[in-house]
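What follows is one structure encoded as structure tokens, with my remarks underneath.
The values are calculated or read from the model by the stated rules, or taken from the named source; none is laboratory data. Quick caveat: nothing in here was measured; it's all calculated off a predicted structure. When we count neighbours, we look across all protein chains shown, and the Cβ atoms used for this are built from the backbone with ideal geometry, even at glycine.
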Amino acid sequence: MNTVSSTTKSIAQQGQEAADQTANAAQGAIRSTQRATDTALDTLSAKVEDVRSQAAPLLNKVTTQAEAAARRGIEAVRDTSQQLRDRALRVSDSAVGYVKDEPIKAMLIAAATGALLMGLISLISRSRD
């Protein structure tokens, strides 16, 4: 039985050695995979940083252009508003001057306009009924 037990020990040792070799190979594969993953992540991180550094100036430029366009728009609205105020003031002065120069004619025009508006309002209210 000595031979059987030494054969069993030999087979057990061989099995253990095979298991150890498999475990070592698996650990090596894991380490290799970790190194490859680390390298890939480092490369990806560098690329992201490159894109970020390239995008920052472009975003700043777009922001500056948008601010300038907004300023121009505000200035244009302000200018147009001032022009409309000036025009309304001139028309108002002109109307006041006309009323002072031709008071009777101005009253007749106002009365005719009022009568025309009242006629339109009564016509519209009748068409609803």
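Of the residues making up region 72-82, one or more are assigned to a helix (DSSP H, G or I), surrounded by 10 or more Cβ atoms within 10 Å (Cβ to Cβ) and of a type in the set (Asp, Glu).
Could we say that Ile121 is exposed (fewer than 10 other Cβ atoms within 10 Å of the Cβ), out of contact with any Lys or Arg (no Cβ under 6 Å at 6 or more places or on another chain) and modelled with pLDDT of 90 or more here?
For Ile121, the condition - exposed (fewer than 10 other Cβ atoms within 10 Å of the Cβ), out of contact with any Lys or Arg (no Cβ under 6 Å at 6 or more places or on another chain) and modelled with pLDDT of 90 or more - is not met.
Hey, among the residues in region 39-98 that are among the acidic types (Asp, Glu) and under 32 Å from the mean Cα position of the chain (by Cα), which one's nearest to Ile109 (Cα to Cα)? Break it down stepwise before answering.
Of the residues in region 39-98, the ones among the acidic types (Asp, Glu) are 42, 49-50, 67, 75, 79, 86, 93.
Next, only the ones that are under 32 Å from the mean Cα position of the chain (by Cα) stay: 42, 49-50, 67, 75, 79.
Numbers: Asp42: 85, Glu49: 76, Asp50: 75, Glu67: 50, Glu75: 39, Asp79: 34 Å.
Filtering region 39-98 for residues that are among the acidic types (Asp, Glu) and under 32 Å from the mean Cα position of the chain (by Cα), the one nearest to Ile109 (Cα to Cα) comes out as Asp79.
Exactly one residue out of Leu44, Leu108 is surrounded by 10 or more Cβ atoms within 10 Å (Cβ to Cβ) and either among the acidic types (Asp, Glu) or at pLDDT 90 or above (or both), and it is Leu108. Here Glu75, Glu67, Glu17 are screened, and the one residue that is of a type in the set (Asp, Glu) and at pLDDT below 90 is Glu17.
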